[in-house]
């Protein structure tokens, strides 16, 4: 059972670099998964009476010297309606820096309804010295959010992005797993 | 991937985006559309429903632009893969119909 746990933890850690590799070799489009997701977007009906406030956080890991921040503090959306939001990142140093980001959604239970159509996460992003770029996130809240009784009192969802510096041999920490819960192969058998 | 094996606290499992990652708009080619959208948000109390035309225009800008890509990818790639507007949730805005109500 411990082996299965280690295996699943390993698979979770592997998922991000593997996805990165997939994205870099196949480029944009993500056609492997686009099929049913696009159909859902095309046919979904906004639930107009269920307004949700989305707030935005931006963090950088201590070793990354980017200025990274959201361009809006909040946006009001309804389930079933696609929405656009922007972050902005600047490399104030005199050397190119490559960053890679991951994201987190709270409350935890709402995260399953938060669908990103396209964003800037999980893929290396290179900023040249003094370069500043807009970073869009295009997303929607699944209309089924409005039917979930557990979500009845949820009217605030917070999206947090964290950028790390992408280096050789560096693995991206997956949010939600504390470092003191990592299982090393030698222990816990 | 929620399982019976509880690692002590619930954790959020990030998922990759449906259509992958936006390439960076290094030259700010669509910046004016972004500015228009941000201004619309500020003028409308950050209500997304009232600024959907502007967000559609920003994404259309991205779909029309080609940028030289890195050696790892195709010679050119767009700032966003071409996609019919309906599949981006803008079906009701096609033909110039406004959804402001």
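The values are calculated or read from the model by the stated rules, or taken from the named source; none is laboratory data. Remember, it's a predicted structure, so these values are computed and weren't measured experimentally. Glycine also receives a Cβ, built like all others from the backbone with ideal geometry; neighbour counts cover every protein chain displayed.
Structure summary
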item: Cross-chain or 6+ apart pairs with Cβ under 9 Å, the stretch A:84-112 first and within 20 Å of residue A:69 (Cβ to Cβ) and more than 10 Å from chain B (Cβ to nearest Cβ), then part of a helix (DSSP H, G or I) and modelled with pLDDT of 95 or more; result: none
item: Number of the exception - residue B:34 against (1) crowded, with 16+ Cβ neighbours inside 10 Å; (2) at the interface with chain A (Cβ under 7 Å from one of its Cβ atoms); (3) at pLDDT below 85; result: (3)
item: Residue among A:72, A:40, A:24 that alone is within 19 Å of the chain's Cα centre (by Cα) and modelled with pLDDT of 80 or more; result: A:72
item: Checklist (1) modelled with pLDDT of 80 or more; (2) over 30 Å from residue A:109 (Cα atoms) applied to residue B:46, failing item; result: (2)
